[in-house]
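Please treat every number below as a calculation from the coordinates, not as lab data. Since we're looking at a predicted model, the values are computed, not measured. Here the Cβ is made from the backbone with ideal geometry for all residues, glycine too, and neighbour counts use every protein chain on show.
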Amino acid sequence: MNLRTLLVLLIATLAVYVMLGAAAELPPYGVPDSPAFNQLAERYVGKALEETGVLNMVTSIVLDYRAYDTMFETIVLFTAALAVIVALKTGGETGGKR
Amino acid sequence: MRDIIFKRIITLILPFIQLYGFYVIFHGQISPGGSFAGGIIVALGIIAYATAFGAEEGRAVLPEKVTTWAESYGTLWYGLLGMVGIVKGGPFLANRLAGIDLGVPGTLSSGGLIALLGIGVGIRVASTMVTLFFTMLEEEV
């Protein structure tokens, strides 16, 4: 085991420790007084129809309240396709046969 | 795998798969589903066809030029619709804040820009899935 492997192991262990520490601090699932149940959820449930005119509340959040997020989700899809093309295309036109 | 029964059935049900996919995309604002699910259904129709008839025949249904075009302009369409909000004096991607008529909830034309944004996302999802499938199918790894 050389120094590089040791360093990688150390960094990975530290990262896992930090992640697990953060996960241990999360509020338990389904408790009414957890911070996730704030005025935002009430706003979505109560006013989504009035503010967006859409019956499907998921669509009203994804494409109206969080439209900016969805725009970059499409860019994530583009990046995924790009990565697969870069990794797999062997370049037939330029004759770069592997 | 590529026997006559499989090919016949795929040819018969492909229009219905595509129609259902576009139905889910266009009705995202009034029924369950939406642009992501609808785009996947549209892409799955093409993928099922390519599975039955081979990569070349599948590519002939949806040429690379079309998927490249959709890949390139789907997000641009989304961004241009976002500019409507700025032009009308609201924030980027504004819908009601920009004073767009939201229509009657429950009808197909409700929701203002949401239906148009959903079409853009659906096209992007479908083209990405088809591109991934054909890239992985055509290239020997």
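Taking the criterion of being under 9 Å from the mean Cα position of the chain (by Cα) and at the interface with chain A (Cβ under 7 Å from one of its Cβ atoms), the residues of the range B:109-141 that qualify are B:G118, B:V121, B:R124, B:V125. Just to be sure, is A:L55 within 19 Å of B:Q29 (Cβ to Cβ), in a loop (DSSP other than H, G, I, E, B) and either facing another protein chain (nearest Cβ under 9 Å) or basic (K, R) (or both)? Here the answer is yes, as A:L55 does meet what is asked. When every residue of the range A:29-43 is checked against the conditions, at least one turns out to be in a helix (DSSP H, G or I) and surrounded by 12 or more Cβ atoms within 10 Å (Cβ to Cβ).
Does A:Y65 qualify as being among the aromatic types (F, W, Y) and more than 25 Å from B:E71 (Cα to Cα)? It is false that A:Y65 is among the aromatic types (F, W, Y) and more than 25 Å from B:E71 (Cα to Cα).
In this structure, B:I30 qualifies as over 16 Å from B:V130 (Cα atoms) and either free of Cβ contacts under 8 Å to residues at least 24 places away in the same chain or among the aliphatic types (A, V, I, L, M) (or both). Of A:E73, A:E25, A:E50, all but one fail to be surrounded by 14 or more Cβ atoms within 10 Å (Cβ to Cβ) and either among the acidic types (D, E) or away from every other protein chain (no Cβ under 14 Å) (or both); the exception is A:E73.
Condition check for A:R4 on (1) of a type outside the set (S, T, N, Q); (2) assigned to a helix (DSSP H, G or I); (3) over 20 Å from the mean Cα position of the chain (by Cα); (4) within 14 Å of chain B (Cβ to nearest Cβ): one failure, at (4). A:D64: part of a helix (DSSP H, G or I), surrounded by fewer than 17 Cβ atoms within 10 Å (Cβ to Cβ) and within 14 Å of chain B (Cβ to nearest Cβ), yes or no? Criteria not met by A:D64.
Residue check: is B:P32 loosely packed, with under 14 Cβ neighbours inside 10 Å, farther than 21 Å from A:S60 by Cα and not polar (S, T, N, Q)? Spelling it out, it is not the case that B:P32 is loosely packed, with under 14 Cβ neighbours inside 10 Å, farther than 21 Å from A:S60 by Cα and not polar (S, T, N, Q). Of the residues that make up the range B:64-71, is at least one touching a residue at least 12 places away in the same chain (Cβ under 8 Å) and more than 29 Å from A:I85 (Cβ to Cβ)? No, every residue in the range B:64-71 fails to be touching a residue at least 12 places away in the same chain (Cβ under 8 Å) and more than 29 Å from A:I85 (Cβ to Cβ). Taken together, B:G90, B:G106, B:G99 contain a single residue that is among the small types (G, A, S) and either under 28 Å from B:T67 (Cα atoms) or at the interface with chain A (Cβ under 9 Å from one of its Cβ atoms) (or both), which is B:G106. Listed by first and then second residue, the pairs with beta-carbon distance under 8 Å, at least 6 apart or on different chains, first residue in the range B:75-93 and on the phi > 0 side of the Ramachandran plot, second charged (D, E, K, R) and not in a helix (DSSP H, G or I), form an empty list. Looking across the range B:3-39 at every residue that is within 14 Å of chain A (Cβ to nearest Cβ) and in a loop (DSSP other than H, G, I, E, B), the one that is nearest to the chain's Cα centre (by Cα) is identified as B:G34. In the set (1) over 21 Å from A:I85 (Cβ atoms); (2) in contact with a Gly (Cβ under 8 Å, 6 or more places away or on another chain); (3) touching a residue at least 24 places away in the same chain (Cβ under 8 Å), B:A48 fails one condition alone, (2).
Of the residues making up the range A:63-87, those that are under 29 Å from B:T135 (Cα atoms) and either in contact with a strand residue (DSSP E or B) (Cβ under 9 Å, 6 or more places away or on another chain) or aliphatic (A, V, I, L, M) (or both) are A:M71, A:I75, A:V76, A:L77, A:A80, A:A81, A:L82, A:A83, A:V84, A:I85, A:V86, A:A87. B:L81 fulfils the conditions (1) of a type in the set (A, V, I, L, M); (2) within 26 Å of A:T52 (Cα to Cα); (3) facing chain A (nearest Cβ under 10 Å); (4) surrounded by fewer than 16 Cβ atoms within 10 Å (Cβ to Cβ) except for a single criterion, (4).
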